[in-house]
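Just so it is clear, none of the values below were taken in a lab; they were calculated from the coordinates. In this text, all values refer to a predicted model and were calculated from it rather than measured experimentally. Methodologically, a virtual Cβ is constructed for each residue, glycine included, from the backbone with ideal geometry; neighbour enumeration extends over all protein chains shown.
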Amino acid sequence: MDLHLHTPASSDYQEPKVTWLDILRRAETRGLDIIGIADHNTVDGYRTLRAELDELQLLERLNRLRPDEKKRLDDYRRLLAKILVLPGFEFTATFGFHIIGLFDPATLVRDLEHILLNLNVPSSQLDLGSSTVGATADVLTAYRLIDEAGGIVIAAHANSSNGVAMRGFNFGGQTKIAYTQDPHLHALEVTDLEHKSRRTTAAFFDGSKSEYPRRMHCIQGSDSHRLRGDGKNVKNLGLGDRATEVMLEEVTFAALRRLFLGDDFSATRPARAAADETFDDVQAARLLGPGPAQSFHPVLSFRGGKLNPVLADVCAFANTGGGVVYIGASGDARHAPAGLAQAASALAKLQKEISAKITPALNVTIDKQETRGKVVLRVVVPRGDETPYAVDGNQIFLRRVTETTLAVRDEIVQLITRGRRSLTATLPPVDTGAPVADQPAAQPRRSRSRRSRSGARAHAAVAPRSTPAPERPPESVVAGGPLPRTGVEIVASENRKGKLYHTVRDLRNGNVVKNVTRSSARHLWRYAILQLETAAPDEAAIEWRGDAALIGTQHIGAISRYDFAQRNPGGMRLFYGVTDDGLPDEWKALVSASEV
């Protein structure tokens, strides 16, 4: 598949006389099964295809087709039966970041244009195909609107120009996390998928970093603005010059979207020409070595405890982000793989052992792979929905970068909580008659302040006053409404022998970390803790707008960061370092009001 193609509808397309049949024929020649149409901020190219087909079919029904028109219609039918064409666009978000949205072929053109209008693309520019369309929606809003409309959301050329990974920027760490970890984002399109270095974009977003805990699907696309590559410029690619192979049960939009929403990261790889049989999946994995989502076992024995490390890895991957276990080859690509002599028998026994010893039941996929003339087993482990998973009923494992270890108490508690959330999500809602908040309520905290030995003041939430809240102005923030999507919240603070320990919620990904101190925190977390310890706001002195207030602003170059307070029944909540792209509309009104 090549999910990033332009047509003459893009203003910077280099061959304006190219037709849709030219595009489809070239896709057929390149062996593509799926193509994604991603013209700049327009669906005019796809509309042209639909209009031409509709006209030819109308002429056929009226029995008015000329021979050349009949041939064109026959070619269209043959090619469209062979190639799945996904309509979409390449949207230019705030600050110039590019986002691809692809949709089911049954989607109406007018519905796609409606999405672009909701993304603030001016109606006067919907047909221009320009990559510059003025002030549009921010990146996170674009992710959400495309996803909620049923589309596939891909960050275009994420590691290069106009990419959300922000390569080459010496600022924007918080923004980069938000832009690459948002749950509405389905995949990163990268330009270094075939590189063997451990510093590739895919290796960076492998889920091993605490700031980037979500492993991302990484694919490649040509971003072609011409049919064939430019011989004078190797970076000016043609259609299908940089494609991705994907393993699907069926060639449909629904199957592709399910893959991107799932945790099987072994189902995509760089595409190779049909005549090239040298690509080796296992060897490619071995070149990367053991990591947070893959492990290697040279041998497999059902006696002498050799099976236990394999089961431990399967359990660990299910409890974390999913992964792949290779059996019959080491993680050192310099050494020849050992292989398995009785691979078919081993596969059946391993499936039985996993079913018998790992609880709750876990649906893994085991298959045979060939590498360097040897046969190895590959176990694809999904991210489990019923955590914690255990071996022999009581051994709970987690994957830590390149090692599998037993979980400690607090980690087991988090796994149990995650499993309960997943279970709750599958149950029908219970009508209690009470309103349901969009976000978790803050943990109750005592209404008092403490001083550390250095004199720093630790803030705790102030209990709600009994006087009624003032009447809320229009577009004001209300308790229980949407919260900022970027920044940090200090959930609770505790003084232990003069040293302050904080519980921190990272609003970019929802992760809650306990026992954070000023000395152990970095960057934004440290800023939030310093603000809290040295300048905690007094609730009575705050000028409230509804249930929230802007309490501080910081400008770093072109980036602005805001500190907010919000009062809730459980006490006052504080949010530090919120950026513009993480502000719901109600919170933006607070910023606007402060600038008047």
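Couplings 3J(HN,Hα) of the stretch 543-548, computed from phi: 8, 7, 10, x, 9, 9 Hz, in residue order, whole Hz [Karplus 6.51 cos²θ - 1.76 cosθ + 1.60, θ = phi - 60°; x for Gly and Pro]. Phi angles of the stretch 17-25 translate, via the Karplus equation with coefficients 6.51, -1.76, 1.60 and θ = phi - 60°, into HN-Hα couplings of 8, 5, 9, 5, 5, 4, 5, 5, 5 Hz per residue; Gly and Pro are given as x.
With the radius of gyration and the Kirkwood radius both derived from the Cα set of the chain, what is their ratio Rg to Rh? Walk me through the numbers on the way to the answer.
On the way: Rg = 27.1 Å, Rh = 26.9 Å.
For the chain, the value is 1.01.
Counting only helical runs of four or more DSSP H residues, what would the 222 nm mean residue ellipticity of the chain come to if each run contributes -39,500 (n - 2.57) and the total is spread over all its residues?
The helix-only estimate for the chain comes to -8500 deg cm²/dmol at 222 nm.
Each of Glu28 and Ala254 was given a label point 7 Å from its Cα along the Cα-to-Cβ line. The distance between the two points is 2.8 nm.
Percentage of Cα-Cα pair distances in the stretch 2-279 greater than 33 Å, rounded to whole percent? Cα-Cα pairs of the stretch 2-279 separated by over 33 Å account for 19 percent.
Tell me, Kirkwood radius of the stretch 1-146 from alpha-carbon pair distances, in Å? Show your work: numbers first, answer last.
Working: mean 1/r = 0.0626 Å⁻¹.
Kirkwood hydrodynamic radius for the stretch 1-146: 16.0 Å.
Modelled label positions at Ala535 and Val413, each set 7 Å beyond Cα in the direction of Cβ, lie 3.3 nm from each other. Placing dummy labels 7 Å off each Cα toward the beta-carbon, the span from Val512 to Val299 is 4.6 nm.
Within 10 Å, count the other beta carbons around each residue, average over each peptide in 33-45, 321-333, and list them highest first. Numbers along the way, then the final one.
On the way: 33-45: 24.5, 321-333: 22.5.
Sorting 33-45, 321-333 by mean packing, highest first, produces 33-45, 321-333.
Taking N as the residue count of the stretch 73-179, its C-alpha radius of gyration divided by 2.2 N^0.38 Å amounts to 1.20. For a modelled paramagnetic label at Asn233, 7 Å from Cα along Cα-to-Cβ, the residues of the stretch 181-225 in reach, with backbone nitrogen under 11 Å, are 225.
Taking every lysine pair in the stretch 2-279 that is 8 or more places apart or spans two chains, those with Cα atoms closer than 21 Å amount to 7.
Here's how it looks for Asn41: its modeled amide H is under 5 Å from those of Glu90, Phe91, Thr92, which are all 5 or more places away or on a different chain.
Translational D (Stokes-Einstein, µm²/s) of the stretch 497-596 at 20 °C and 1.002 mPa s when Rh comes from the Kirkwood sum over C-alpha pairs?
On the way: Rh = 14.6 Å.
This corresponds to a translational diffusion coefficient of 147 µm²/s.
Estimated at 0.36 nm per residue, the fully extended path between Ser210 and Ser124 surpasses their Cα-Cα distance by 26.6 nm.
Quick one: if the Förster radius is 51 Å, what FRET efficiency do Thr405 and Ala593 give, using the C-beta to C-beta distance and rounding to 0.05?
Values: r = 50 Å, r/R0 = 0.99.
Calculated transfer efficiency: 0.50.
Over the stretch 284-423, consider all pairs of different Cα atoms and compute the Kirkwood hydrodynamic radius from their mean reciprocal separation; express it in Å, one decimal. About 15.1 Å for the stretch 284-423.
In terms of the Cα gyration tensor, with a ≥ b ≥ c the square roots of its eigenvalues, is the stretch 124-263 rounded because a/c is under 1.5, prolate because a/b exceeds b/c, or oblate?
Rounded, because the longest to shortest axis ratio a/c is under 1.5.
Estimated from the Cβ-Cβ distance and a Förster radius of 22 angstrom, the FRET efficiency linking Asp385 and Ser520 is about 0.10. The lysines whose alpha-carbon is closer than 25 Å to the alpha-carbon of Lys497, local same-chain residues fewer than 8 away aside, are Lys514.
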